[in-house]
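S.K.: Starting off with a structure, shown below.
The values are calculated or read from the model by the stated rules, or taken from the named source; none is laboratory data. The structure displayed is predicted, hence computed values, not measured ones. We place every Cβ from the backbone using ideal geometry, glycine too, and count neighbours over all the protein chains shown.
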Amino acid sequence: MFAGHYGVAFALKRAEPRVSLGTLFLAVQLVDILWGGTLLLGWEHARVVPGYLAASPLEFLDYPITHSLLAGLAWGAAAALIYYSLPTTNVSHHGRAAAIVGLAVLSHWPLDVLMHAPDLPLAGSASTKLGLGLWKSVPLTIAIELLVLAAGVALYVTRHSRRHPVRPGRLAVVLAVIVAVFLASFLGAPPSNLHLVGIGAIAIGVVMTALGWWADRPAARA
Ligand SMILES: [Zn+2]
């Protein structure tokens, strides 16, 4: 999944408005960003197989460090602890905010289960693997991804407050980028090599984190 992960980030922003949308964008895609690194290091393996699934040319061979349920729980706990340990001037909701960040990281795995072929392990590479394979259908992929994204954005837009407003222009830019990257991931030419896939996963994660932070910045007071 790609676009739907950001739907979760938009929704969780309203569950705890103190957490920056940039932090939540980083959290929901954390394991994909890490996966870019483990792919480049050769610690996890995939290959590009044009036409493998209608909406994804990637065959994931093994990725228990980033994409097992156990790893999702561990990365979620680590992210929550790191967030909790950051200095804050507002301690009242800090524990709750840290838990929301951890939940955002963990949310990645069940959403990936919807789309991937049965290649997402519960624990190690030899453990049971799950995946409903919605990527086999382009119409279903588009419907589910955009539905999850739209549900999150609807919450984000309707539950805003004066202290945590919506900035429509910036939100439109962010949504345009999310939808463009999502559509390009299967309508565009398959990546020519895994090096590009790994670098792309990291670069997209970094750019989206910056965009989330930018979209969430309160407007300067007049
Ligand atoms: Zn993923």
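S.K.: Restricting attention to the range 1-57, which residues are in contact with a Ser or Thr (Cβ under 6 Å, 6 or more places away or on another chain), more than 21 Å from PRO118 (Cα to Cα) and either in a strand (DSSP E or B) or among the small types (Gly, Ala, Ser) (or both)?
M.R.: Selection gives GLY22 alone.
S.K.: Conditions: (1) surrounded by 20 or more Cβ atoms within 10 Å (Cβ to Cβ); (2) over 15 Å from the mean Cα position of the chain (by Cα); (3) away from the ligand (no atom under 16 Å from the Cβ). LEU41 meets all but one. Number of the miss?
M.R.: (1)
S.K.: For HIS164, only one of the following conditions fails: (1) part of a helix (DSSP H, G or I); (2) under 21 Å from LEU26 (Cβ atoms). What is its number?
M.R.: Here HIS164 clears every test but (1).
S.K.: Same structure again: List the pairs whose first member sits in the range 99-116 and is touching a residue at least 12 places away in the same chain (Cβ under 8 Å) and within 11 Å of the ligand (Cβ to nearest atom), whose second member is hydroxyl-bearing (Ser, Thr, Tyr) and in a helix (DSSP H, G or I), and whose Cβ atoms are under 7 Å apart, counting only residues at least 6 apart or on separate chains?
M.R.: MET115/THR141
S.K.: Something else: Considering THR141, THR88, which residue is hydroxyl-bearing (Ser, Thr, Tyr) and either in a helix (DSSP H, G or I) or within 13 Å of the ligand (Cβ to nearest atom) (or both)?
M.R.: None of the others qualify; the one that does is THR141.
S.K.: Right, another one. Could you say which residue among ARG170, ARG159 is away from the ligand (no atom under 16 Å from the Cβ), touching a residue at least 24 places away in the same chain (Cβ under 8 Å) and touching a Lys or Arg at 6+ places or on another chain (Cβ under 7 Å)?
M.R.: Being away from the ligand (no atom under 16 Å from the Cβ), touching a residue at least 24 places away in the same chain (Cβ under 8 Å) and touching a Lys or Arg at 6+ places or on another chain (Cβ under 7 Å) holds for just one of ARG170, ARG159, which is ARG159.
S.K.: Still on this model: Out of (1) closer than 22 Å to PHE182 by Cα; (2) surrounded by 15 or more Cβ atoms within 10 Å (Cβ to Cβ); (3) modelled with pLDDT of 95 or more, the odd one out for LEU58 is which?
M.R.: Here LEU58 meets the rest and fails (3).
S.K.: With more than 15 Å from the ligand (Cβ to nearest atom) and either under 22 Å from LEU69 (Cα atoms) or surrounded by 15 or more Cβ atoms within 10 Å (Cβ to Cβ) (or both) as the only criterion, which of LYS129, LYS136 stands out?
M.R.: Every option except LYS136 fails the conditions.
S.K.: Return a yes/no flag: does the range 14-29 have any residue that is within 11 Å of the ligand (Cβ to nearest atom) and not acidic (Asp, Glu).
M.R.: The answer is yes; a qualifying residue exists.
S.K.: Can you work out which of the residues in the range 147-165 that are among the β-branched types (Val, Ile, Thr) and crowded, with 16+ Cβ neighbours inside 10 Å is nearest to VAL207 (Cα to Cα)?
M.R.: VAL153
S.K.: Output the number of the condition that GLY95 fails; it satisfies all remaining conditions of (1) more than 16 Å from the ligand (Cβ to nearest atom); (2) not in a helix (DSSP H, G or I).
M.R.: Result: GLY95 passes all but (2).
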